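Participant: Sharing a structure, written as structure tokens. Questions coming.
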Amino acid sequence: MSNYRIQGATGEWEVVIGLEVHAQVTSQSKLFSGSATAFGAEPNSQVSLVDAAMPGMLPVPNRECIRQAVRTGMAIDAQINKWSRFDRKNYFYADLPQGYQISQLYHPLVGEGRIEIVLDDKDPEGSTKTIGIERIHVEQDAGKLMHDQHPTMSYVDLNRSGVALMEIVSRPDMRSPAEAGAYVSKLRSILRYVGSCDGNMDQGSMRCDVNVSVRRPGEPFGTRTETKNVNSVRFVMQTIEHEASRQVDVIEGGGTVVQETRLFDPGTGTTRSMRSKEDAHDYRYFPDPDLLPLELDDAFLEDCRNSLPELPDAKRHRYENELGLSAYNAGVLTADVDTARWFELLLAQTASKAGKQPAEVAKQAANWLTSELFGALNKLGVSLEESPITPEKGGELLALVADGTISGSIAKQVLEKMLETGDTAGAIVEREGLKQTSDTGAIEAAVDKVLADNADKVEQYKGGKQALFGFFVGQTMKAMQGKANPQVVNELLKQKLG
Amino acid sequence: MSVDTATVAKIAALARIKLGEDELEAMVPELNGILAWVEQLGEVDVTGVEPMTAVIPNTLRLRDDVIDADPLTGGNKRDAVLSNAPAAEHGFFGVPKVIE
Amino acid sequence: MTDLTDLGVAAIRDGVAAGDFTALEVAEAFNANIAAAQGALNAFIVATPEKAIEAARAIDARRAKGEPLGKMGGVPIGMKDLFATKGVQTTAASHMLEGFVPEYESTVSQKLWDAGCGMLGKLNLDQFAMGSSNETSYFGNVINPWKRNDGGNASLAPGGSSGGSSSAVSARLCPAATGTDTGGSIRQPAAFTGITGIKPTYGRCSRWGIVAFASSLDQAGPMARDVTDCAIMLEAMAGFDPKDSTSLDMPVPEWEANLSGDLAGKKVGIPREYRMDGMNPDIAKSWDQGAEWLRDAGAEVIDISLPHTKYALPAYYIVAPAEASSNLARYDGVRYGLRDLPDGAGLQDMYAATRAAGFGPEVKRRILIGTYVLSAGFYDAYYTQAQKVRTLIALDFRNAFTECDVILAPTAPSAAFALGEKTDDPLSMYLNDVFAVPASLAGLPAMSVPAGLDSAGLPLGLQLIGNMFDEQGVLNAGLAIEQRAGFTAKPEKWW
Ligand SMILES: [Mg+2]
Ligand SMILES: [Zn+2]
């Protein structure tokens, strides 16, 4: 995984990457005020006197935001600090009403943790790498500036001002764009499992500050740049690719990399220096005197721990070990919490409707979901969330296969009809007479005809070309319009072919 | 530690207070007088002493996650929020154009 | 007929309740005094006679219907212009907030209106509460109604930052007023004007809606003619507020009902470190006299030590400016208040111009000091060191209170000084708070009570410092002094 190298004019370079991810905490109201956090509201409608930093306004922290950050820390196996504090980070900007951001520098809520990533998601059991997490702290989001509404003015909307963020700071442990991409995907997956962030990167619920430096392999870290607010996994990877080769060019051209803040331009896939942030920064952090130390008791922590769901790695292992799924399927089904939730509903429905244990129908359900349904939805261009097939409807269809009412190939047709008409599988099978037959007489007639029509192939089979068995099965099924019970077909063919 | 004119200018820039030459020059000895005086704190042996974090021993109270539970600290009051703005424009605060 | 403006809180409350006079008569009497004095004393930034009348009429109407009138029913008060008052300009005596009309009411002022008070107006103060003489107000000096008996006519400072409050209460422009105390801003002006003022334990009064100076020190409190009036008003102002994270979640004691000047069994500590070299003899005399009075009230007076006293003021002048530099960052010309936008200025230029125009010299000085001590490389040497010293100062008091119940000290190192006397040297002005600041750093309740006149005929105050939450002990010791000092002097009306 770590053999990603940039070929410079003077030799190979290694890239070193650390990420600071800002994740919006899922909560109804803001971190320090009661105004709402919902996305897309009218400008300045979700702004309290506190958020607008009116004179004499004071912050009171939201328990849910603290709880979600603690749960997130627990999910990445991190140290939870029972004693933490809020600090002020002082700077002037139009999106920062107080003139400071309430954040945590000296005593963050969450300390050292880790996340395991796999580079090849086709092979989740393949090589893994542990990325260290230095800390998670809780802080306020800033407001939003709009520059294109007026010729000489920028407009300030404070709806986001004061929304709770978790800043999740990784160690500089990543060595390739792919590793960084895998890290962001995995982190997003965990946050969504925990429910502490919705992970909507296009709505800004998750933004990455990408720290990149280059060095000769094995040498000390080079000077890094920080590219701010990159908002998709792909853009994170592009940022790194561009920034690393830019830095190599600078160094090989005889220059030095400047430690600076940069901006990613999705249009060109390049980064540029952020002039507005060029000011020498001196944030003058100090403990916020409006807030007392945050002390968490055991009961609070216990409650956080008990409310944690099964996390993606544990779920993936369980799917493999208890449900017997392939590593690949288990990986696909557990990557996102909504997919896993959908799969588990489907499995429960299938098992109960077919009167079987979940483990008995799990492979079938997993295969159907990952290939049949995903394929169909892909064609329709809709997500699983918007799928017209509910887990209940899917379970009914799969149960019909499991109990032998229809065959797998008929199931494909039924799915198509379900998508077309919105009818249930049972209704379609009934209406179209798709029930599988075990009528030995009819099947035997079909088998006889197939063998007679293909006498040459029968000869070859008998001469040792065993692979032709499948051909006879296929021809028989075709003759039966797919409705023959494949087990009966198999048995009869074996009998007749000797 | 004493400050010179350049340092005071830097501090004033950090604090976003524009100082004229005269103001700047006058401020230097004043700040130095105050700084020299507060530096007597360096005499105090603070070995093993924690910096004060709560004036009266007390810890942080957390509030419930409820929207607009108290109208005084809730949202939905755009007019009140904008009522004193030097430049309120179409529901926004207007500022001189920023180039990012 | 008695002059209603000679009455204090208790007398007005009881008189209105008894029907001896109406709340309207009281409000009108004070309104008239304010109108007559404004040109001379400049105690108010804005007078609100109509608000006082409206509240008085409401109280009189309630009385007519036999409804309860509240803890302070019918008492008109002055409101320091640091408290946000809905619909009434709130300036913190700054150009920055000139014309700022809040859409909200501070918790403390709201509690007072709920208790039946009416507002006579917004009182002048040092700009953003930074000062000890009221000379930093953008709206001009407040004048102390007292004059020296030396035949001269020097205008004296009313103390600061609550100088409008002290001047107004002393000059009978209001029976009581709110103050705020960060490093002595209630006690020192009370001492300078011959009135009584108490700063409660940090967290007793909500800071919500009070323009912040230094958050870990700011505390509101009453300023009135006597100890009883302070007890009544503090009861009305105090109480838990969920909007302030540092608010104390404790019931408000019945301070008025439990007032007692009998100090039998109590120990009063005299901190030896407060007896500084070159102490003003009048101050020393008054302090000794105070100890004698407390002994007379039944207390045992003992010598105590507060070893880090000397370092309180320098620690304060790091912590308070540091917090202020950050608290005042919100005044940037974007959402409210002054905006100075020079031609072609960008955002950051607008900030620098706005803040240059909106802040006075003392505010700028403190913001710069605060910015400097928090800046990279200096934070630990200044701020962290100061907060450690603060811990030691709090510890000094904790140790002292294992030996005594209340501490007696002077309030200020001198009586009121003349305007302009200390404005050239910021340090000499800062030293005025030398006795007041230690209790502020430790968050302890402390009050100033009038103790007599000095050789120049000016009032002196004595300070009582109590253990945390023990406002009662402070009030009771204050009452014991008040009963013995017999302080009835009032400034001769020259305005
Ligand atoms: Mg960052
Ligand atoms: Zn951040």
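Participant: So, in the range A:197-238, how many residues would count as being more than 16 Å from ligand 2 (Cβ to nearest atom) and either within 23 Å of residue A:25 (Cβ to Cβ) or among the aliphatic types (A, V, I, L, M) (or both)?
Facilitator: Step one: list which residues in the range A:197-238 are more than 16 Å from ligand 2 (Cβ to nearest atom), which gives A:198-203, A:212-225, A:232-238.
Next cut, either within 23 Å of residue A:25 (Cβ to Cβ) or among the aliphatic types (A, V, I, L, M) (or both) only: A:198-203, A:212, A:214, A:232-233, A:235-237.
Summing the residues that are more than 16 Å from ligand 2 (Cβ to nearest atom) and either within 23 Å of residue A:25 (Cβ to Cβ) or among the aliphatic types (A, V, I, L, M) (or both) in the range A:197-238 gives 13.
Residues checked against (1) in contact with a helix residue (DSSP H, G or I) (Cβ under 7 Å, 6 or more places away or on another chain); (2) open to solvent by 40 Å² or more (accessible area, probe 1.4 Å):
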position	(1), (2)
C:39	no, yes
C:51	no, yes
C:57	yes, yes
C:67	no, yes
C:71	yes, yes
C:78	yes, no
C:88	no, no
C:96	yes, no
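Participant: So, one more: Among helices (runs of 4 or more DSSP H) lying entirely in the range C:255-366, which contain 3 or more residues that are charged (D, E, K, R)? It would help to see each step written out before you state the result.
Facilitator: On the way: elements: C:281-296, C:309-327, C:347-358.
Those helices (runs of 4 or more DSSP H) span C:281-296.
Participant: Kindly indicate which of A:3, A:44 is assigned to a loop (DSSP other than H, G, I, E, B) and open to solvent by 20 Å² or more (accessible area, probe 1.4 Å).
Facilitator: A:3
Participant: Let me ask something else. Taking the stated definitions as given, is residue A:410 more than 15 Å from residue A:376 (Cβ to Cβ) and open to solvent by less than 50 Å² (accessible area, probe 1.4 Å)?
Facilitator: yes
Participant: Going residue by residue through the range A:99-113, is there one that turns out to be away from ligand 2 (no atom under 16 Å from the Cβ) and touching a residue at least 60 places away in the same chain (Cβ under 8 Å)?
Facilitator: no
Participant: Continuing with the same structure: Could you list, in sequence order, the residues of the range A:135-154 that are small (Gly, Ala, Ser) and either within 16 Å of ligand 1 (Cβ to nearest atom) or at pLDDT below 95 (or both)?
Facilitator: Once the filter is applied, which keeps residues that are small (Gly, Ala, Ser) and either within 16 Å of ligand 1 (Cβ to nearest atom) or at pLDDT below 95 (or both), the range A:135-154 yields only A:142.
Participant: So in the range A:12-31, with the set limited to residues that are assigned to a loop (DSSP other than H, G, I, E, B) and open to solvent by less than 10 Å² (accessible area, probe 1.4 Å), which one is farthest from ligand 1 (Cβ to nearest atom)?
Facilitator: A:30
Participant: Quick check on the range C:306-313. Is at least one of its residues of a type in the set (Val, Ile, Thr) and within 30 Å of residue B:85 (Cβ to Cβ)?
Facilitator: No - not one qualifying residue is present in the range C:306-313.
Participant: Would you point out the residue of the range A:202-221, among those that are crowded, with 21+ Cβ neighbours inside 10 Å and either more than 16 Å from ligand 1 (Cβ to nearest atom) or assigned to a loop (DSSP other than H, G, I, E, B) (or both), that is nearest to the other protein chains (Cβ to nearest Cβ)?
Facilitator: Per the stated criteria, the residue is A:205.
Participant: Could you please let me know if residue C:433 is within 13 Å of another protein chain (Cβ to nearest Cβ), charged (D, E, K, R) and open to solvent by less than 20 Å² (accessible area, probe 1.4 Å)?
Facilitator: Here the answer is no, as residue C:433 does not meet what is asked.
Residue-wise test of (1) over 27 Å from residue A:40 (Cβ atoms); (2) facing another protein chain (nearest Cβ under 7 Å); (3) surrounded by fewer than 19 Cβ atoms within 10 Å (Cβ to Cβ); (4) not charged (D, E, K, R).
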residue	(1), (2), (3), (4)
B:28	yes, no, yes, yes
B:31	yes, yes, no, yes
B:50	yes, yes, yes, no
B:60	yes, yes, no, yes
B:72	no, yes, no, yes
B:79	no, no, yes, no
B:95	no, yes, no, yes
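Participant: Look through the range A:289-310, keep the residues that are more than 8 Å from every other protein chain (Cβ to nearest Cβ) and assigned to a loop (DSSP other than H, G, I, E, B), and return whichever of them is farthest from the chain's Cα centre (by Cα).
Facilitator: Per the stated criteria, the residue is A:297.
Participant: Just name the residue that is farthest from the other protein chains (Cβ to nearest Cβ) out of those in the range C:305-329 that are among the β-branched types (Val, Ile, Thr) and crowded, with 24+ Cβ neighbours inside 10 Å.
Facilitator: Of all residues in the range C:305-329, those among the β-branched types (Val, Ile, Thr) come to C:309, C:318-319.
Cutting the leftovers down to crowded, with 24+ Cβ neighbours inside 10 Å gives us C:318-319.
Values: C:318: 5, C:319: 9 Å.
By that ranking, first place goes to C:319.
Participant: Still on this structure: Determine which member of the set A:169, A:163 is more than 10 Å from chain B (Cβ to nearest Cβ), more than 21 Å from the chain's Cα centre (by Cα) and touching a residue at least 60 places away in the same chain (Cβ under 8 Å).
Facilitator: Details: A:169 fails: more than 21 Å from the chain's Cα centre (by Cα).
Exactly one of A:169, A:163 is more than 10 Å from chain B (Cβ to nearest Cβ), more than 21 Å from the chain's Cα centre (by Cα) and touching a residue at least 60 places away in the same chain (Cβ under 8 Å), namely A:163.
Participant: Another question, if that's okay. Return only the number of the condition from (1) within 30 Å of residue A:387 (Cβ to Cβ); (2) modelled with pLDDT of 90 or more that residue A:483 does not satisfy.
Facilitator: Tallying (1) within 30 Å of residue A:387 (Cβ to Cβ); (2) modelled with pLDDT of 90 or more, residue A:483 fails exactly one: (2).
Participant: Could you pull out the residue among A:246, A:262 that is within 15 Å of ligand 1 (Cβ to nearest atom), of a type in the set (D, E, K, R) and either part of a loop (DSSP other than H, G, I, E, B) or over 24 Å from the mean Cα position of the chain (by Cα) (or both)?
Facilitator: A:262
Participant: Let me ask something additional. Identify, please: which residue in the range A:155-195 is of a type in the set (Asp, Glu) and not in a helix (DSSP H, G or I) and is, among those, farthest from ligand 1 (Cβ to nearest atom)?
Facilitator: Among those that are of a type in the set (Asp, Glu) and not in a helix (DSSP H, G or I), it is A:157.
Participant: Looking at the range A:3-11, is at least one residue at the interface with another protein chain (Cβ under 9 Å from one of its Cβ atoms) and farther than 25 Å from residue A:190 by Cβ?
Facilitator: Residues of the range A:3-11 that are at the interface with another protein chain (Cβ under 9 Å from one of its Cβ atoms), as a first pass: none.
No, that holds for no residue.
Participant: For the range A:384-407, which residues satisfy the criterion of being open to solvent by 50 Å² or more (accessible area, probe 1.4 Å) and not basic (Lys, Arg)?
Facilitator: A:385, A:386, A:388, A:390, A:392, A:403
Participant: Which numbered condition in (1) surrounded by fewer than 16 Cβ atoms within 10 Å (Cβ to Cβ); (2) at pLDDT below 95; (3) more than 7 Å from chain A (Cβ to nearest Cβ) is the only one that residue B:43 fails?
Facilitator: Among (1) surrounded by fewer than 16 Cβ atoms within 10 Å (Cβ to Cβ); (2) at pLDDT below 95; (3) more than 7 Å from chain A (Cβ to nearest Cβ), the lone unmet condition for residue B:43 is (2).
Participant: So is residue A:381 of a type outside the set (Val, Ile, Thr), at pLDDT 95 or above and under 27 Å from the mean Cα position of the chain (by Cα) or not?
Facilitator: Considered against the rule, which asks whether it is of a type outside the set (Val, Ile, Thr), at pLDDT 95 or above and under 27 Å from the mean Cα position of the chain (by Cα), residue A:381 comes out as no.
Participant: Moving on to the next point. Tell me, yes or no, whether the range A:46-62 has at least one residue that is over 20 Å from residue A:291 (Cβ atoms), touching a residue at least 40 places away in the same chain (Cβ under 8 Å) and away from ligand 2 (no atom under 16 Å from the Cβ).
Facilitator: Within the range A:46-62 (the criterion being over 20 Å from residue A:291 (Cβ atoms), touching a residue at least 40 places away in the same chain (Cβ under 8 Å) and away from ligand 2 (no atom under 16 Å from the Cβ)), the answer is yes, since at least one residue qualifies.
Participant: Given the criterion closer than 16 Å to residue B:78 by Cβ, surrounded by fewer than 23 Cβ atoms within 10 Å (Cβ to Cβ) and of a type in the set (A, V, I, L, M, F, W, C), identify the matching residue among A:9, A:36, A:52.
Facilitator: A:36 is the lone residue from the list that is closer than 16 Å to residue B:78 by Cβ, surrounded by fewer than 23 Cβ atoms within 10 Å (Cβ to Cβ) and of a type in the set (A, V, I, L, M, F, W, C).
Participant: Follow-up. Given A:134, A:139, which one is open to solvent by less than 10 Å² (accessible area, probe 1.4 Å), within 14 Å of ligand 2 (Cβ to nearest atom) and more than 14 Å from chain C (Cβ to nearest Cβ)?
Facilitator: None of the other options fit; the residue is A:139.
Participant: So, one more: Given the condition acidic (Asp, Glu), on the phi < 0 side of the Ramachandran plot and either facing chain C (nearest Cβ under 7 Å) or in contact with a Ser or Thr (Cβ under 7 Å, 6 or more places away or on another chain) (or both), answer yes or no: does some residue in the range B:2-20 qualify?
Facilitator: no
The values are calculated or read from the model by the stated rules, or taken from the named source; none is laboratory data. These numbers come from a predicted model, not from an experiment. Using ideal geometry, Cβ is built from the backbone for each residue, glycine included, and neighbour counts are taken over all protein chains shown. The protein model used for the area step is the full one, side chains on, heavy atoms only, and it has no ligands, DNA or RNA in it. Shrake-Rupley method; radii C 1.70, N 1.55, O 1.52, S 1.80 Å.
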